[in-house]
1. Please list, in chain and number order, the residues 5+ apart from Leu66 or on another chain whose amide H is under 5 Å from its amide H, with Hs placed from the backbone.
2. Over segment 40-150, what is the relative contact order in whole percent, taking alpha-carbon pairs under 8 Å and six or more residues apart?
3. What is the distance, in nm, between label points placed 7 Å from the Cα along the Cα-to-Cβ direction at Asp216 and at Ala97?
4. Under the Karplus relation 6.51 cos²θ - 1.76 cosθ + 1.60, θ = phi - 60°, what is the ordered set of whole-Hz ³J(HN,Hα) values for segment 130-145, x standing for Gly and Pro?
5. Run the simple label-point estimate for Cys298 and Phe283 please: 7 Å along Cα→C-beta, distance reported in nm.
6. Neighbouring Cβ atoms within 10 Å as the yardstick, rank Thr160, Thr115 fewest first.
7. In terms of the Cα gyration tensor, with a ≥ b ≥ c the square roots of its eigenvalues, is segment 72-183 rounded because a/c is under 1.5, prolate because a/b exceeds b/c, or oblate?
8. With 10 angstrom as the radius, rank Val300, Val261 by how many other C-beta atoms surround their C-beta, starting from the fewest.
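Readers should treat all values here as calculations from the given coordinates under stated rules, not as data from a laboratory. Since the structure is predicted, the reported quantities are computational estimates derived from the model, not experimental observations. Ideal geometry is used to build each Cβ from the backbone, glycine not excepted, and the neighbour counts take in all protein chains shown.
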Amino acid sequence: MFCNAQEVTVTRGALTNDPNLKMNRMLGGDDNSFYCYRIRSKGKGTSFIVEKYDKKTMQPIFSKDLGNEGSEDTKIIDIKYINDEVYVFRREWEKKAKLMHLYYQKVSSEGVVSTELKELISIPSEKYEFIDIEVFDNPSKSKILVKACHKPTKEAQYKTEFIAYNAADMSQAWKKSYDMKLRGYNMEALSGMIAMVTGVVLDLGAASYVGLYFDDNDNIYFGNSKSLKKTKTDPELYRLVLSIIKGGSDVKQELELKFDVDYLVEDIEFCKINDNEIIVGGFFKDVVERKGFDFIDCGVFSFF
């Protein structure tokens with residue numbers, strides 16, 4: 001069997017990656033152009049930039065500064081390219097009112113940056129640390145899904161809301177709410193660090209959120225690495241659980257994805273083949289300590 005390399009023609013453009021003006025991600029585009037997102041760290045504060053480039057010449061069409069985040073209480077949480085426009089999603093903590101707001105603004109294909117921040121949701125809570133928000137879009141870019149996990153007080157239980165918006169006018173399409181904790185990766189990692197430093201295990205038996213997929217039929221898929229640890233002395237054992245909420249239904253179904261060993265899965269990705277099949281893949285590692293071994297059993301996996 002022989003393999004031949006494909007000949008590639010490289011066109012050098014202005015797409016540099018200055019250490020003080022780093023490219024954060026590519027945002028997509030149309031047949032003639034594409035967009036990217038940069039973060040400028042040099043000087044006072046941090047500013048955020050949306051750029052548009054010509055696909056044929058690789059030359060910039062425009063570069064628009066979104067400004068800085070204003071304060072520690074205002075953060076850009078995501079940027080999406082939808083319907084020939086760039087959507088910027090910002091969250092803002094109103095300290096006196098104890099409210100978290102989620103806003104969006106748009107950058108047009110001509111480079112016009114909207115100065116108006118339009119509110120999608122507001123969430124009351126004692127502290128902003130009790131609120132975690134993520135934004136997703138479906139493959140056809142017809143809908144935006146906001147996942148908001150929050151609780152009002154320290155003693156209260158978390159709930160997670162899924163709110164879908166029609167991308168054409170950002171009108172709310174539907175909303176679903178569940179009594180469960182589905183926080184982003186960073187907060188779960190922080191809980192792990194606290195356990196390592198202090199020995200305090202947080203949320204024993206809880207399920208650690210590892211990824212979500214939102215399809216064109218309003219189906220929501222998300223994974224959890226469910227801990228089987230009940231006490232501090234119990235071994236670190238996990239189960240990977242896939243949850244499914246079908247479009248038009250509020251019922252959450254769960255499916256355990258079994259391995260031959262109790263591996264810890266920290267991140268997963270989804271690929272939809274058709275309406276009836278989905279591929280779940282990711283990275284796993286063995287968390288059981290075995291004396292006499294100086295290596296960790298780890299690798300990649302996929303389920304159909």
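1. Placed amide hydrogens put Phe48, Ile49, Val50 under 5 Å from Leu66.
2. The normalised contact order for segment 40-150 reaches 16 percent.
3. 3.9
4. 7, 10, 10, 10, 10, 10, 10, 10, 7, x, 7, 6, 8, 9, 10, 10
5. 0.6
6. If I rank by nearby Cβ atoms, fewest first, I get Thr115, Thr160.
7. Because a/c hits 1.5 or more and a/b fails to exceed b/c, segment 72-183 counts as oblate.
8. Val300, Val261
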